[in-house]
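The values are calculated or read from the model by the stated rules, or taken from the named source; none is laboratory data. Model, not experiment: these values are computed from the prediction. So basically every Cβ, Gly included, is an ideal-geometry build from the backbone, and we count neighbours across all protein chains shown.
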Amino acid sequence: MSPLLRILFVVLIAYPVTLLWLGINVRHRERLPLKGPAIVAANHNSHLDILVLYSLFALRLIPRVRPAAAADYFLRHRWLAWFSRSVVGIVPVARGGARRGNDPLEGCYAALARGEVLIVFPEGTRGEPERMAQLKSGIWYLVKRFKGLTVTPVFLHGLGRSMPKGSFLPLPLFVDVFVGKPLVFGEDKKEFMRQLNERFTQLRSKTAPTAEPSAEEKHHA
C-alpha cells in the first residue's frame, strides 16, 4: 500500500467528487479522531460513502485512515484487488469467515494495533437509499480488544439518493454529514450496541423530515 497513491486518490478523486460535484455540509468535524487507534462508524448507502469520509480528514492523516470493506466484493479480481488495497487502502473483511473457522476481523485488529483510524460500516453492507439497516455487533469485538479507543459515529445523508446501490454515476446532489460524540467501550454488548444505535438515531433526527426510518426503529415500532 503506497501512501502517495492514497493521497493522490483523495486529491484527484475524493475531493473533486465530494466537494465540486456533490457539495457537502459537515457538522462537528472537530469530533473526528486525529490519531489512532480509533474507529469511525458510518451508515452505508453508497460507494460514495468512502470518498466523502476520506474528504473529512486532512491530507496528512490520510495514510493512517483505512476503511474496512468486504473482501468478496473488492478483491474479486486482480485489478480491483490491487486498486482497493494499494490506492483506496481498504482493510479486507471476509464476510462469513467465522463460519469457516477464521476471524473475519483479523485485518481490522492489525490496523488498530498499528495505530490507524479504522472506518467501519456497522450495517455490514449498503442498504436501501436513505435507510439504515440493523447494526451488526462486530464493532463491539473490535472495541473490546482495544479498550480505551473511541468510536465516533458519522451519519451521511443524501448519498443514497445520489448514487444508490446498483448505480454507476452519481447525481450532483448535496450531502449532509453529521459527526456525533465519541462512544467508548462498554462490557455489555447489548447495551453498547443500543447506545451506538441511539447515537445514529440522534444524528439522523437532524436531517430533513423526509428521511426514512431505520430498520431498528421499525423493529421497535
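The table that follows gives values for the structure above.
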{"read-out": "Exclusive hit being touching a residue at least 40 places away in the same chain (Cβ under 8 Å), over 24 Å from GLU198 (Cα atoms) and not in a strand (DSSP E or B), set ARG85, ARG95, ARG76", "value": "ARG85"}
{"read-out": "Count of the stretch 38-50 residues which are under 10 Å from the mean Cα position of the chain (by Cα) and within 20 Å of ALA111 (Cβ to Cβ)", "value": "7"}
{"read-out": "Within the stretch 168-188, considering residues that are surrounded by fewer than 14 Cβ atoms within 10 Å (Cβ to Cβ) and over 25 Å from ARG27 (Cβ atoms), the one modelled with the lowest pLDDT", "value": "PHE168"}
{"read-out": "Within the stretch 45-92, tally of residues that are of a type in the set (Ser, Thr, Tyr), crowded, with 17+ Cβ neighbours inside 10 Å and under 14 Å from PHE9 (Cα atoms)", "value": "3"}
{"read-out": "Residue check for LEU196: aliphatic (A, V, I, L, M), over 16 Å from SER46 (Cβ atoms) and assigned to a helix (DSSP H, G or I)", "value": "yes"}
{"read-out": "Tally, over the stretch 1-19, of residues that are out of contact with any helix residue (DSSP H, G or I) (no Cβ under 9 Å at 6 or more places or on another chain) and modelled with pLDDT under 90", "value": "0"}
{"read-out": "Answer residue from the stretch 103-119, given it is without any contact (Cβ under 8 Å) to a residue 24 or more places away in the chain and of a type in the set (D, E, K, R) and is nearest to LEU149 (Cα to Cα) among those", "value": "GLU106"}
{"read-out": "Counted residues, the stretch 60-79 - those being touching a helix residue (DSSP H, G or I) at 6+ places or on another chain (Cβ under 6 Å) and not basic (Lys, Arg)", "value": "6"}
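Here's the yes/no breakdown for (1) modelled with pLDDT of 95 or more; (2) closer than 19 Å to VAL154 by Cβ:
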{"site": "PHE74", "(1), (2)": "no, no"}
{"site": "ARG85", "(1), (2)": "no, no"}
{"site": "VAL88", "(1), (2)": "no, yes"}
{"site": "ALA94", "(1), (2)": "no, no"}
{"site": "ASN102", "(1), (2)": "no, no"}
{"site": "GLU106", "(1), (2)": "no, no"}
{"site": "VAL117", "(1), (2)": "yes, yes"}
{"site": "VAL120", "(1), (2)": "yes, yes"}
{"site": "GLY124", "(1), (2)": "no, yes"}
